[in-house]
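Data first, discussion second: the structure below is written as structure tokens.
Values quoted throughout were computed directly from the atomic coordinates according to the rules given, and no laboratory measurement underlies them. Because the structure is predicted, anything quoted here is derived from the model rather than measured. Positions of Cβ are generated from backbone atoms using ideal geometry, with glycine treated the same way; all protein chains shown enter the neighbour counts.
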Amino acid sequence: MPLDRKATPNDLNAFWMPFTANRQFKKAPRMFVAARDMHYTTSDGRQVLDGTAGLWCCNAGHCRPRITEAIQRQAAELDYAPAFQMGHPVAFELANRLIEIAPKGIDHVFYTNSGSESVETALKLAIAYHRARGDGARTRLIGRERGYHGVNFGGISVGGIVNNRKVFGTLLGGVDHLPHTHLPAVNAFSRGQPEHGANLADELERIVALHGAETIAAVIVEPVAGSTGVILPPKGYLEKLRAITRKHGILLIFDEVITGFGRLGAPFAAQYFNVLPDMMTTAKGLTNGVIPMGAVLTTAEVHDAFMTGPDHMIELFHGYTYSGNPIASAAGIATLETYREEALFERAAAIAPYWEEALHALKGLPHVIDIRNMGLIGAVELEPIAGEPTRRAFNAFLAAFDKGILIRTTGDIIAMSPPLIVTKPQIDELIGTLAGVLKTLA
Ligand SMILES: Cc1ncc(COP(=O)(O)O)c(C=O)c1O
């Protein structure tokens with residue numbers, strides 16, 4: 001029987017929705033029932049322009065035939081193969097293709113099922129790497145204020161979003177944080193990389209002096225922080241972090257869960273900024289968001305440190321039942337082929353200046369206190385309503401949805417990250433509709 005696309009569930013109670021105002025949502029549900037290319041279809045039959053690539057993940061747009069067909073084919077041929085002590089060709093093929101587009105010097109792929117798992121994997125790898133080299137005192141992990149590294153214990157410990165941490169107990173020990181780089185007083189309305197703030201990377205020297213380099217395993221940062229409301233790295237900042245970590249034998253992990261797969265107009269942020277980390281965490285755009293999959297990409301140096309001892313012995317006691325799942329791997333290959341055939345990373349780079357212009361035209365509209373952009377990422381920061389933080393942006397989100405565009409909000413920041421297939425008229429529609437919303441916002 002064909003799916004009744006108009007049907008809405010009669011009881012919304014059982015599903016406890018993630019990162020959602022459940023009670024508000026269930027009073028006035030917002031449901032998508034279909035999607036194609038740049039648009040969602042709502043349960044009441046409206047078309048909504050996707051200004052966020054789902055959750056920063058559908059970089060090639062929605063329901064792309066090549067990906068759908070690859071999943072269908074793989075599901076019918078080899079649905080699952082044990083991930084431990086057994087293999088299947090598709091996961092190996094995807095790993096090779098990932099390495100092809102990764103920065104030179106990144107040579108190995110460890111599969112996970114999400115960004116959060118990629119982060120946990122990378123943090124564990126960092127600690128175990130030093131131990132494997134006889135440097136077992138290096139156990140500390142350094143994150144950054146306002147960082148988002150998913151929701152597992154390691155990720156929220158190195159992360160720096162207060163609401164994601166404060167009700168979950170004592171978290172991991174041995175963690176410290178760099179200051180964030182959001183400096184609106186000096187950088188507001190910057191286009192692309194802000195001028196000021198590279199010196200904030202020097203705080204790592206202070207942290208090293210405090211704890212001793214010989215106790216620090218890794219520094220993890222998002223090259224461009226997305227989920228906290230789009231915070232950009234000041235010019236020279238990432239280069240400094242790389243230099244300081246290298247000087248002290250500390251691994252540098254780039255969390256590329258949103259910056260990976262073309263968001264900045266290059267395969268990864270590491271290439272965009274020309275800064276090579278020791279590990280990169282990925283997910284989301286790896287399968288165009290269609291099937292859960294993540295991957296940690298590492299240098300040979302990290303990988304090879306584990307390849308010691310008798311060769312019948314497991315080298316790393318870590319992995320997931322679904323690591324390199326055949327259907328996810330097939331989706332990954334089809335996704336990378338779609339990116340390549342349609343030159344979507346190049347397309348994102350080519351349209352980014354138009355995006356920047358359109359976005360910055362919102363300057364001067366009511367409540368707008370900052371606008372930030374990079375690649376196909378944009379943020380509009382609003383002055384919060386006094387005593388009611390987050391309400392103004394959330395109202396903007398609801399009004400935008402009513403007017404047919406999907407945006408995201410964090411605090412009082414509106415974030416946008418359209419699929420890389422977005423056209424100029426669609427950028428005009430997205431930004432024009434948002435302008436209309438901002439004008440009517442209380
Ligand atoms: C930088 C970063 N790391 C990790 C994650 C977590 O990914 P997931 O929700 O797939 O666990 C996200 C999700 O937005 C992210 O932006």
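Computed over the alpha-carbon pairs of segment 144-195, the distance histogram in 10 Å steps reads 25, 41, 23, 11 percent, short to long.
Along the Cα-to-Cβ line of LYS27, 7 Å from the Cα, sits a label point; which residues in segment 41-83 have backbone N less than 11 Å from it? Of the residues in segment 41-83, none has backbone N under 11 Å from the label point off LYS27.
Treating each Cα of segment 315-442 as an identical point scatterer and summing with the Debye formula, the log10 of I(q)/I(0) at q = 0.12 Å⁻¹ comes to -0.58.
One quarter of the surface of the convex hull around the alpha-carbon atoms of segment 99-249 equals 10.0 nm², the direction-averaged projected area. Available extension along the chain between ASP428 and LEU12 is 146.2 nm, counting 0.36 nm per residue and deducting the alpha carbon span. The Cα-based radius of gyration and maximum Cα-Cα distance (Dmax) for segment 68-341 are 18.5, 58 Å.
Sorting the segments 80-89, 240-249 by their residues' average number of neighbouring beta-carbon atoms within 10 angstrom, most packed first, yields 240-249, 80-89.
Taking other C-beta atoms within 10 angstrom as a stand-in for reagent exposure, CYS57, CYS63 fall in the order CYS63, CYS57, fewest first. Taking label points 7 Å from Cα along the Cα-to-Cβ direction, MET313 and ASP37 give a separation of 5.7 nm. Using the rule -39500 (n - 2.57) for each DSSP H run of four or more residues, divided by the residues of the chain, the 222 nm mean residue ellipticity is -10500 deg cm²/dmol. Once the Cβ-Cβ distance of MET86 and ALA442 is raised to the sixth power relative to R0 = 56 Å, the FRET efficiency obtained is 0.40.
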